Amino acid sequence: MKIRSHVINDGVIRLAVAGEIDLEVADDLYEALIRACHGAAGVVVDLAEVSLCDSTGIGVLVRAWSAAHRRGVDLIVINPRGIVRRSLQVTGVLDSLVRMQ
């Protein structure tokens, strides 16, 4: 998994994630998401280049979303594709995490 980060506008951080999100990288992703929330107006997590997101990865996204919202930071997921989108859908979190692009 690789994560690229940059400010897109008005203090909103975009994290572009690539590769597989699974147990092996879950802690690293969570730490990156929480770090991005510090001082950010919002966090956009772009999953366009993610080829797999297992249940651990979905749990990380949900936990980070919840932690961000407790801090008053809007965290959204964009561009889930294929099996990643389907995984978010069947677990019931797609509508909570994703904003249509």
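Coordinate-derived values only; no laboratory data. From a predicted model like this one, the values you see are computed outputs, not experimental measurements. Because the Cβ atoms are built from the backbone with ideal geometry, glycine has one as well, and the counts that use them run over all protein chains shown.
Only Cα sites of the chain enter the Debye sum here, all with the same form factor; the resulting log10 I(q)/I(0) across q = 0.17, 0.19, 0.20, 0.23 1/Å is -0.66, -0.84, -0.94, -1.29, listed in q order.
Listed from fewest to most Cβ neighbours within 10 Å, the set Arg86, Arg99 follows the order Arg99, Arg86. Going from the residue with the fewest nearby Cβ atoms within 10 Å to the one with the most, Arg63, Arg85 rank Arg63, Arg85.
Remark: the Arg4-His38 segment gains 10.6 nm on full extension, using 0.36 nm per residue and subtracting the alpha carbon distance. Helical content alone sets the calculated 222 nm signal of the chain at -12000 deg cm²/dmol, taking -39,500 (n - 2.57) per DSSP H segment of four or more residues and averaging over every residue.
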